[in-house]
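Quick notes on the structure that follows.
FYI, it's all coordinate maths here, none of it is from the lab. Everything quoted here is computed from the prediction, not taken from an experiment. Don't worry about glycine lacking a Cβ; one is built from the backbone with ideal geometry, like all the others, and counts go over all protein chains shown.
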Amino acid sequence: MIRVRQERRRRGGFSLLELLAVVTILGIIAVVVIPRISVSSKTAKENAHKQNLAEINSAVERWYFEKGTYPAKDLSDIGSDPNYFPNGLPTNPLTGAKYTLDANYRAQ
């Protein structure tokens, strides 16, 4: 009877070897998954940046055809006009900086 009680106590937890196996498997999964997630995030930000540039350049062209002049270099006038950007001018998702126009009137 004494041996039966001792066996029940031992089976209450995991052995060190079982815990090491689980930690090793979780480590391998983390090594595979985490780089893919970080690359996906960077790619998504780059794609959002390209889309923002395309939208701003399109809005600048519409502004020029409607008003006859280009908007300000800092895009303050076109960004505050709800007909062009109802939610305000987007910011660069890569750097967090505001978009501006270069010498060729392209958003950068």
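Quick look at the values:
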quantity	calculated
PHE65, PHE14 arranged by Cβ crowding within 10 Å, fewest neighbours leading	PHE65, PHE14
Cα-only radius of gyration and Dmax that characterise the range 26-108, units Å	17.3, 61
Local net charge near ILE56, Cβ-Cβ under 15 Å (Lys/Arg +1, Asp/Glu -1)	-1
Crossing angle, helix 16-67 versus the chain [Cα axis fit, 0-90 degrees, rounded to tens]	10
Residues ILE37, ILE78, sorted so that the one with the fewest Cβ neighbours within 10 Å comes first	ILE37, ILE78
Packing-based exposure ordering (other Cβ within 10 Å, fewest first) of TYR84, TYR64	TYR64, TYR84
Close Lys-Lys pairs in the chain, where close means Cα under 24 Å and separation is 8 or more or interchain	8
